[in-house]
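Below: the structure, in structure tokens.
Where a number appears in this text, it was derived from the coordinates with a stated rule and is not lab data. The structure displayed is predicted, hence computed values, not measured ones. With ideal geometry, Cβ positions are generated from the backbone for all residues, glycine too; neighbour counts draw on all protein chains shown.
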Amino acid sequence: MHIFQKIDQIRKDIDKHRPFDTGIQKTLQEQLRIEWTYNSNAIEGNTLTLGETAFFLREGLTSEGKPLQDYLEAKNHAEAIDHLQDIIAQKRPITEHLIKSLHGVLMKGMDFTVAKDARGQLIHKPLHVGEYKKQPNHVLTLSGKIHKYVNPLHVRDEMEELVKRLSTSKQLHPVERAAIFHYRFVSIHPFDDGNGRMSRLLMNLMLMRDGYYPCIIQHAHRRRYIETLEETDSTKDDSLFVKFVGQELLSTEQKVLEILQGKSVPLTQQTTKLNSMQRTERIMHVLRTASHPLSIGQIAELLPELKRPTLKKDLEQLVAKKLLHIQGKGSGVIYNALKKN
């Protein structure tokens, strides 16, 4: 398939920049971890924006108005990615036990999933973390038809067969093997919830283990992603989905190469458009955690995503609201966060 040649060529272009220094390696890992977490969760309905996901994973701070469940999903997904790194380092094979263990990391702290009953009413369905589903699950497709997944009674056999196929599909290109595994895992839908995210995590575990970057399926391409899965269901032609995954992986590799070539600024260094509440949260966090009052220059160094004029205006407003205390005059002004009552 022509897409494989493109993927492998860009991989070679990336390798020309090796060895990466520690700084760029860390930047790339953080960039991919944030984008992967945001897109994979957003595909499943998580409401956090890319900026909110990045801020939460980097600073541990949340914004008002967003469900705590969304932040738990972001935290768990990022930890699942870290878990993949350990699996790769330890050269652990993909087994049913490993898959269940990874599901335990991804769904940690979640007791139920929202589903529809026979009358179409939303209900809280018990979630068995790290265990195969005990009740049937299905989905309403884009075409309006109900698609039923593998019956719980047959999940264990189907998963056992899926894992066995890994050892007999080594003649396939790594991207093809990983994409087919993703499709077949989703077709089984072995867990009560988290199946989409699990399929992408496992697909990328396979890719990363073979030396590729993770394939980050973009939330913006969600409809095409689902349509391709449905079309593969109806035609039984794996190549449709393999091509889609290849295009998404190619896009990820191109972003990595552009960063290495200096043509693109990493997410961690970009100036993010933040609303007033988000800027306030960041400023107050910096000042509350500082061991001493800070000047506007020192605050700007800690918050490079905020432009100096905007930062100055925000500081003035926080002083007027009596959230900050100001000392000194002119260029010697320093700011200190007032303690909460």
Rough spin-label spacing in nm, given labels placed 7 Å along Cα→Cβ, for LYS134 and THR310:
4.9
Given ALA89, LEU72, TYR132, which one lies farthest toward the positive end of the charge dipole of segment 33-140, if we put +1 on the Cβ of every Lys and Arg and -1 on the Cβ of every Asp and Glu?
TYR132
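Taking the Cα centre of segment 272-337 as origin, sum charge times position over the Cβ atoms of Lys and Arg (+1) and Asp and Glu (-1), and report the length of that vector in debye to the nearest 20.
Values: 11 positive and 5 negative charges, 37 e Å.
Roughly 180 debye, rounded to the nearest 20.
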For LEU61 and GLN247 in one chain, what is 0.36 nm times their gap in residues minus the Cα-Cα distance, to one decimal in nm?
63.6 nm
Given a 10 angstrom Cα cut-off, can you work out which residue in SER239, SER187, SER167 is the most mobile in a GNM of the chain?
SER167
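How big is D, in µm² s⁻¹, for segment 272-337 by Stokes-Einstein at 25 °C and 0.890 mPa s if Rh is the Kirkwood radius over C-alpha pairs? Intermediate results must be reported in sequence, preceding the final value.
On the way: Rh = 11.8 Å.
Rounded to a whole number, D works out at 209 µm²/s.
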In debye to the nearest 20, how big a dipole does the chain give about its Cα centre with +1 on each Lys and Arg Cβ and -1 on each Asp and Glu Cβ?
880
I'd like the distance between the alpha-carbon centres of segment 1-71 and segment 155-233, rounded to an integer number of Å.
19
Under a point spin-label approximation (7 Å from Cα along Cα-to-Cβ), what is the GLN171-ILE146 distance to one decimal in nm?
4.1
0 to 90° range, to nearest 10: angle between helix 276-289 axis and the chain longest Cα axis:
70
Unit charges at the beta carbon, dipole of segment 275-341: most positive-side option, ALA337, ILE299, GLN278
ALA337
To test your reading of the geometry: what angle, between 0 and 90 degrees and rounded to tens, separates the Cα axis of helix 22-43 from the longest principal axis of the chain?
60
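Please sort 215-224, 318-327 by packing, taking for each peptide the average over its residues of neighbouring beta carbons within 10 angstrom, highest first.
On the way: 215-224: 17.3, 318-327: 13.9.
Order by mean packing, descending: 215-224, 318-327.
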Projected onto the charge dipole of the chain (unit charges on the beta-carbon of Lys, Arg, Asp and Glu, signs +1, +1, -1, -1), the Cα from ALA290, SER187, GLY51 with the largest positive-side position is that of ALA290
Would you mind working out the magnitude of the charge dipole of segment 119-189 relative to its Cα centre, with +1 at each Lys and Arg C-beta and -1 at each Asp and Glu C-beta, to the nearest 20 Debye?
180
If all Cα-Cα distances of the chain are sorted into 20 Å bins from 0 onward, what percent lands in each bin, rounded to whole numbers?
27, 50, 21, 2
